[in-house]
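Okay, so here's the structure we're looking at.
The values are calculated or read from the model by the stated rules, or taken from the named source; none is laboratory data. Since we're looking at a predicted model, the values are computed, not measured. No Cβ is skipped: glycine too gets one built from the backbone with ideal geometry, and neighbour counts run over all protein chains shown. The accessibility values were calculated without ligands, DNA or RNA, using every heavy atom of the protein model including side chains. Shrake-Rupley method; radii C 1.70, N 1.55, O 1.52, S 1.80 Å.
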Amino acid sequence: MALPAATARAAALCRISACASASSAAAATGGRRGAEKLPFSLAERGMVVGGHRGMGMNAVGAPPGARIEAVRERENTLLSFGRAAAHAAVAFVEFDVQVTKDGCPIIFHDDFILTQETDAVYAKRVTDLLLEEFLSYGPQKNSHEISKPLLRRTRDGRVVNWSAKDDDSLCTLQEVFERVSPRLGFNIELKFDDDIFYESSQLDRALQAVLQVVSQYASNRPVFFSTFHPDAARIMRELQSLYPVLFLTEGGTAQHKDSRRNSLDEAIQVCLEYELHGLVSEVRGVLKNPSAVPRAKESNLAFLTYGQLNNVWEAVYIQYLMGVNGVIVDLVEEISNAVADFSKPVLNQSMLGSGVDLVGAKHQAFSQQQLGFLLRLIPELIQQPH
């Protein structure tokens, strides 16, 4: 059966040659941590901002009026990445990459993709799909093509319609490299299911497919990898030395069977043992354990954070004073404008606690005593819903 034109075009972009993949990985192999530098001049710029899945994740099922509901664009799409690129203060976008059954790296966060036919809901594992079927979900590039409606499961187990005010079609990793401004950096999260045990050969095969596309299309674009899977981080580090690899951690806010994932101390140890370039922690873990930041810096590790508190400028400002290198955020325009203002030399003394908007305001550094006081208040802050 002939593929629809748009699907066939995308499939043609993703033909993965095992021979080419192996040669590209071999060309990139070698070197130790420190030979490469993280993009975006982290040390020089103080703090950088990354857009979470583009202009922010879609908070499907969020209560009306939630701040995160302000995200208009469908996450992990060319539209969302393109709008993030238009903000000069945004250094990079973070997005999730999985590999389809026929070996094509695609952009999608969830482990399962859901749709509805008549009155029944169907869920399929993304990595069990061929590229053609994956691209048949959601809005289509060609309006004449029939698509499958996208649904999403909320954290409380409900299945709801997944729509966006400004919609766009699903896409491949290659399309993102080809169609998003090359000035925008890419933080490629290597996505694996927490509930599956992966053999090293399975990890290697998926990572080789991703690396083939990156090696062929990245050119001079700033790129770095991140992953929650410790062995995937190790293997990607072994496969190549051109692109930095960071370890993702929940920083002790959740527990896993793999003890390497259960604390910031373990995350730092993983980075050192596997010669990784840094870590990306859930922000609550950092605010509960602020001493992890200088310990990571002493080991020459970059330190970034993600999480809902990164949409609160006060929490981001505290991290700026702590020396965190970068934050991944959903409210991209608001937080990137605030961070751009942090380095300005003069502070409006009454700003903190006054509710004054940061945009256009000035700052000074807190004293260690003031910072210590704020950190003691953090446990109350992290209990609040955002």
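Among the candidates 234, 183, 205, 221, which residue alone is closer than 14 Å to residue 104 by Cα and either charged (D, E, K, R) or surrounded by fewer than 23 Cβ atoms within 10 Å (Cβ to Cβ) (or both)?
Every option except 205 fails the conditions.
Output the residues belonging to the range 153-183 that are at pLDDT below 95 and not in a loop (DSSP other than H, G, I, E, B).
Correct list: 153, 159, 160, 161, 166.
Output yes when any residue across the range 200-207 is within 20 Å of residue 328 (Cβ to Cβ) and either touching a residue at least 40 places away in the same chain (Cβ under 8 Å) or acidic (Asp, Glu) (or both), and no when none is.
Looking through the range 200-207, none of the residues is within 20 Å of residue 328 (Cβ to Cβ) and either touching a residue at least 40 places away in the same chain (Cβ under 8 Å) or acidic (Asp, Glu) (or both).
If you take the residues in the range 314-333 that are of a type in the set (D, E, K, R) and under 18 Å from residue 92 (Cα atoms), which one is most open to solvent (accessible area, probe 1.4 Å)?
That would be 333.
Working only within the range 99-134, note down all residues that are charged (D, E, K, R) and either over 21 Å from the mean Cα position of the chain (by Cα) or open to solvent by less than 10 Å² (accessible area, probe 1.4 Å) (or both).
Across the range 99-134, the qualifying residues are 101, 102, 117, 119, 124, 128, 132, 133.
Restricting attention to the range 292-306, does a residue exist that is assigned to a helix (DSSP H, G or I) and closer than 27 Å to residue 82 by Cβ?
Checked the range 292-306: no residue is assigned to a helix (DSSP H, G or I) and closer than 27 Å to residue 82 by Cβ.
State yes or no: is residue 91 touching a strand residue (DSSP E or B) at 6+ places or on another chain (Cβ under 7 Å), closer than 27 Å to residue 311 by Cα and either assigned to a helix (DSSP H, G or I) or among the charged types (D, E, K, R) (or both)?
In short, no.
Somewhere in the range 277-293, is a residue over 22 Å from residue 329 (Cα atoms), free of Cβ contacts under 8 Å to residues at least 60 places away in the same chain, within 17 Å of the chain's Cα centre (by Cα) and open to solvent by less than 30 Å² (accessible area, probe 1.4 Å)?
no
Only residues that are open to solvent by 100 Å² or more (accessible area, probe 1.4 Å), under 20 Å from residue 95 (Cβ atoms) and out of contact with any Leu (no Cβ under 9 Å at 6 or more places or on another chain): list them for the range 140-180, please.
Once the filter is applied, which keeps residues that are open to solvent by 100 Å² or more (accessible area, probe 1.4 Å), under 20 Å from residue 95 (Cβ atoms) and out of contact with any Leu (no Cβ under 9 Å at 6 or more places or on another chain), the range 140-180 yields only 165.
Could you grab me the full set of residues in the range 194-227 that are in contact with a Lys or Arg (Cβ under 8 Å, 6 or more places away or on another chain) and either in a helix (DSSP H, G or I) or more than 20 Å from residue 172 (Cβ to Cβ) (or both)?
Across the range 194-227, there are no qualifying residues.
Hey, could you check the range 186-197 for residues that are out of contact with any strand residue (DSSP E or B) (no Cβ under 6 Å at 6 or more places or on another chain) and of a type in the set (Asp, Glu) and say which is most open to solvent (accessible area, probe 1.4 Å)?
The extreme case among them is 195.
Please go through the range 252-276 and give me each residue that is open to solvent by less than 40 Å² (accessible area, probe 1.4 Å) and modelled with pLDDT of 95 or more, ordered by number.
Within the range 252-276, 261, 262, 263, 264, 267, 268, 270, 271, 274, 276 meet the criteria.
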